[in-house]
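Shown next, in structure tokens, is the structure this report addresses.
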Amino acid sequence: MQPLRLLNQLRRPLSGAPQAPLAPQAPRGLRGVQAAGFWRGLGGLSLALLLACGGCGRGPSPAASQRPRQLTVWTLDLAPRFSPYMGRVIKAWERANPGVSVRWIDVPWNSVERKLLAAVFARTAPDLVNLNPPFAANLASKGGLLNLDRVLPAQAAAAYLPEVWQAGRQGDLQFAIPWYLTTRVTLANGRLLQQAGYTAPPRRWDQVPAYAEAIKRRTGRYALFVTVVPDDSAELLETLVQMEVRLLDGNHRAAFNSAAGRRAFAFWTDLYRRGLLPPEVVSQGYRRAIELYQAGDLAQVASGPDFLRNLQTNAPGIAAVTTPFPPLVGPGGQTNVAVMNLVVPRQSTMAPEATSFALFLTDASNQLAFAREARVLPSARAALKQLDQELAQPAPAVDPAAERQEALVRQARALSVRNLERAQVLVPATPGIKRLQAILYTQLQRAMLGQISSDGALSEAELQWNRYAEARWP
């Protein structure tokens, strides 16, 4: 079958697919990262094949129609730690939805794309999948995901944080239901700050150069580490948005070669050329930032609150002088939030049931329970409010040392909850976003290493992205 026929097949609605939503039923009480090079290595033809098979139905056999229908749900890296939690949620939903059983499969993070490709080709794609936003956006842009507006109950969005819900939308297509969230806080080494004459790290990016110079001059260490390795963390891309850089226009063309973009590229190029960033930022990823911080060679690191627990185990001396602070922001004050989503492939013949289970899994009660166990943040408003109240309470009484450690973690988690007041997905999961990151990072590397001026690097990035965009979106 030719790619054009496959893509046309993809766009056809599923024959016999039910249109009315299945009202979610729940117990009483409150209702509650990506394989970076995958799409580049996969190739356009294979991507078209993967998504086009989304139109291939999985009609039940006559024998199967006599058995309870089975809803297949995939999650990422939850087993075995969260197997009891998922088991409880599944049993509760099955009790409320007799005649449907849930088959839960937990998939390793680094193999979900490959496994999903194979499942679609075999016409055994799951009905509900836990995906990261970039991968989900790629699927949605090719028509591989169901428009959930067809099956969502009215006012479903009202239960979730608005910015987080909106991150699962492309134009008129609601392709995802948000699940759990993470935000970064600044963890700072108080000893190094004191030596440099600071009581707290800076709050704004424009204050960083003077701070980085003071840290380097007075301690011989570095202030911070933000990687420019193309297939690693998106943190630097997020800083560009915080510095008021508009990445793309409405036609997917480059908008970053602007006054704000030139200032941002010059900012990072200058920091590196002055020796105020570790030289490894151009060759090593975020893991190196963790290593340097644990070794006492970095004044601060941006991380999730739970990193403190690892720090207390791996580097107790550094943990003892570490304090959480709000993350760095730009003039607008926005912080970033990372979202894990739930999506329904077009191939599913149980879209209403899949949506019902997704809403049940992400309601306030179930999200709050998961946030307590996984130490993440819920996307449901009611769950977030309850979690904030719980974190404001004193830590359970234990021995003094452990009590201090737990209090520090709770302080960081409470700070991350408050960060959500100004948080948004700074880099929306638009199609091609990983390609954009690779282009910008590669050209910024060249500027940092003195191979090209920062303005020249930005112009070259614009040229390369627009060449890609013109081929993909003529």
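The values are calculated or read from the model by the stated rules, or taken from the named source; none is laboratory data. On a predicted model such as this, the values are computed, not experimentally measured, just so you know. All Cβ positions, even for glycine, are placed from backbone atoms using ideal geometry, and neighbour counts span all protein chains on display. Just the protein is used for accessible areas: all its heavy atoms, side chains included, with ligands, DNA and RNA removed. Shrake-Rupley method; radii C 1.70, N 1.55, O 1.52, S 1.80 Å.
Report those helices (runs of 4 or more DSSP H) wholly inside the stretch 299-364 carrying at least 2 residues which are more than 17 Å from T72 (Cβ to Cβ) and of a type in the set (A, V, I, L, M).
On the way: elements: 307-314, 316-320, 351-361.
Fully inside the stretch 299-364 and qualifying: 307-314, 316-320.
Hey, could you check the stretch 210-227 for residues that are in a loop (DSSP other than H, G, I, E, B) and not hydrophobic (A, V, I, L, M, F, W, C) and say which is most open to solvent (accessible area, probe 1.4 Å)? Before you say what the answer is, go through the steps one by one.
Start the filter on the stretch 210-227 by keeping residues that are in a loop (DSSP other than H, G, I, E, B), which leaves 220-221, 223-227.
Retained after the next criterion (residues that are not hydrophobic (A, V, I, L, M, F, W, C)): 220-221, 227.
Working: G220: 50, R221: 87, T227: 7 Å².
Per the stated criteria, the residue is R221.
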Members of the stretch 187-237 found to be hydroxyl-bearing (S, T, Y) and within 17 Å of P278 (Cβ to Cβ), listed by number: Y211, T219, Y222, T227, S233
Of residues in the stretch 231-261 being under 12 Å from L458 (Cβ atoms) and open to solvent by 30 Å² or more (accessible area, probe 1.4 Å), the one farthest from the chain's Cα centre (by Cα): A259
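Considering the stretch 244-270 alone, what residues qualify as being among the aliphatic types (A, V, I, L, M) and in a loop (DSSP other than H, G, I, E, B)? Reasoning before the result, please.
At the first step, the residues of the stretch 244-270 found to be among the aliphatic types (A, V, I, L, M) are 245, 247-248, 254-255, 259-260, 264, 266.
Hits for the stretch 244-270 are V245, L247, A255.
When you scan the stretch 406-413, do you find a residue that is of a type in the set (A, V, I, L, M), out of contact with any helix residue (DSSP H, G or I) (no Cβ under 7 Å at 6 or more places or on another chain) and open to solvent by 10 Å² or more (accessible area, probe 1.4 Å), even just one?
Yes: the stretch 406-413 contains one or more residues that are of a type in the set (A, V, I, L, M), out of contact with any helix residue (DSSP H, G or I) (no Cβ under 7 Å at 6 or more places or on another chain) and open to solvent by 10 Å² or more (accessible area, probe 1.4 Å).
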R217 being within 27 Å of S416 (Cβ to Cβ) and basic (K, R): no
Residue count for the stretch 171-209, restricted to those that are at pLDDT below 95, surrounded by fewer than 19 Cβ atoms within 10 Å (Cβ to Cβ) and not small (G, A, S): 2
The stretch 102-131: number of residues that are under 24 Å from the mean Cα position of the chain (by Cα), surrounded by fewer than 16 Cβ atoms within 10 Å (Cβ to Cβ) and in a strand (DSSP E or B): 1
From G99, G168, residue being surrounded by fewer than 23 Cβ atoms within 10 Å (Cβ to Cβ) and either at positive phi or out of contact with any Leu (no Cβ under 6 Å at 6 or more places or on another chain) (or both): G99
Whichever residue in the stretch 416-456 is modelled with pLDDT under 95 and aliphatic (A, V, I, L, M) and, among such residues, is surrounded by the most Cβ atoms within 10 Å (Cβ to Cβ): A429
Scan of the stretch 160-187 for residues that are farther than 21 Å from F135 by Cβ and either part of a strand (DSSP E or B) or of a type in the set (S, T, Y) (or both), ordered by number: V185, T186, L187
Test result for A369, open to solvent by 10 Å² or more (accessible area, probe 1.4 Å) and within 28 Å of N189 (Cα to Cα): no
Residue within the stretch 375-392 that is hydroxyl-bearing (S, T, Y), within 15 Å of A159 (Cβ to Cβ) and open to solvent by 30 Å² or more (accessible area, probe 1.4 Å) present: no
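To keep it simple, each residue is scored yes or no on (1) over 24 Å from the mean Cα position of the chain (by Cα); (2) open to solvent by 50 Å² or more (accessible area, probe 1.4 Å).
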{"residue": "R263", "(1), (2)": "yes, yes"}
{"residue": "E291", "(1), (2)": "no, yes"}
{"residue": "T313", "(1), (2)": "yes, yes"}
{"residue": "A319", "(1), (2)": "yes, no"}
{"residue": "L328", "(1), (2)": "no, no"}
{"residue": "V339", "(1), (2)": "no, no"}
{"residue": "F357", "(1), (2)": "no, no"}
{"residue": "L361", "(1), (2)": "no, no"}
Matching option when the condition is in a helix (DSSP H, G or I), touching a helix residue (DSSP H, G or I) at 6+ places or on another chain (Cβ under 8 Å), within 30 Å of S416 (Cα to Cα) and open to solvent by 30 Å² or more (accessible area, probe 1.4 Å), among A137, A157: A157
Members of the stretch 273-289 that are closer than 23 Å to R218 by Cβ and open to solvent by less than 40 Å² (accessible area, probe 1.4 Å): G275, L276, L277, P278, E280, V281, A289
Matching entry among V321, V337 (being at pLDDT below 95 and aliphatic (A, V, I, L, M)): V337
Cβ-Cβ under 9 Å pairs, at least 6 apart or on other chains, the stretch 274-285 side among the acidic types (D, E), far side open to solvent by less than 20 Å² (accessible area, probe 1.4 Å) and part of a loop (DSSP other than H, G, I, E, B): E280/F225; E280/T227
